Amino acid sequence: MAVAVYPGSFDPITYGHMDIIERASKLFDKLIIGVLVNQAKTPFLSTEERVELIKEVTRDIPNVEVVSFSGLLVDLVKREKADVIIRGLRAVSDFEYEMMMAQTNRQLDHDVDTLFFATDEKHSFISSSSVRELVAFGGEIDAFVSPFVKAKILEKKYR
Ligand code: PNS
């Protein structure tokens, strides 16, 4: 059984992430979404909120599982008996960081490979950080996140 891990902060999950999840889930028997428990920086959404949102927006994809993790990504990959890590590449500017991570992970565990998906050009400008900034300043986020995610984010902002 081919298993892949798609890791990230997902703070919040965007249409860009959802596109990668849809495409990767077709290539693997199981796709595990690994939500990083950010220890250094305080995320906008809690780990539980991020996991809940991802579960909701992926509920129609049966071979997707959502877990949270702290510590090293390669340990999650081993724990889940996965074969590869999935990451999306939006632009050349992503490349350096992604290459460094892929090579670090391979240095830590030589069996762990990273597979990159070229982000659909419709989504190449989308990032969770711009969503957070738009929310903070009252900008429109309909092109970035699903209606369910938008509702949860705004509920949190005005709570
Ligand atoms: O969506 P992000 O924030 O770009 O995802 C980054 C993530 C979660 C993939 C990365 O920070 C990560 O793997 N963190 C776990 C710690 C780790 O394994 N570090 C070694 C690789 S550099």
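Counting only residues that are of a type in the set (D, E, K, R) and in a helix (DSSP H, G or I), the stretch 80-108 holds 4 of them.
Of all the residues in the stretch 67-79, those that are assigned to a helix (DSSP H, G or I) and buried (at least 17 other Cβ atoms within 10 Å of the Cβ) number 4. For the stretch 119-144, the tally of residues that are out of contact with any helix residue (DSSP H, G or I) (no Cβ under 9 Å at 6 or more places or on another chain), exposed (fewer than 13 other Cβ atoms within 10 Å of the Cβ) and within 30 Å of LYS26 (Cβ to Cβ) stands at 2.
I'd like to know if the stretch 80-96 contains one or more residues that are over 15 Å from PHE10 (Cβ atoms), within 14 Å of the ligand (Cβ to nearest atom), at pLDDT 95 or above and over 17 Å from the mean Cα position of the chain (by Cα). Yes, the stretch 80-96 contains a residue that is over 15 Å from PHE10 (Cβ atoms), within 14 Å of the ligand (Cβ to nearest atom), at pLDDT 95 or above and over 17 Å from the mean Cα position of the chain (by Cα). The number of residues in the stretch 32-74 that are without any contact (Cβ under 8 Å) to a residue 24 or more places away in the chain and among the aliphatic types (A, V, I, L, M) comes to 2.
Checking each residue in the stretch 21-66 for being in a loop (DSSP other than H, G, I, E, B), at pLDDT 95 or above and of a type in the set (Lys, Arg) picks out only ARG59. In the set (1) assigned to a helix (DSSP H, G or I); (2) within 16 Å of the chain's Cα centre (by Cα); (3) surrounded by fewer than 17 Cβ atoms within 10 Å (Cβ to Cβ), PHE116 fails one condition alone, (1).
Every residue in the stretch 95-119 that is among the acidic types (Asp, Glu) and in contact with a Phe, Trp or Tyr (Cβ under 9 Å, 6 or more places away or on another chain), please.
GLU98
The values are calculated or read from the model by the stated rules, or taken from the named source; none is laboratory data. It should be emphasised that the depicted structure is a prediction, and the values quoted were computed from it without experimental measurement. Reconstructed Cβ throughout: ideal geometry from the backbone, glycine too, with neighbour counts over all protein chains shown.
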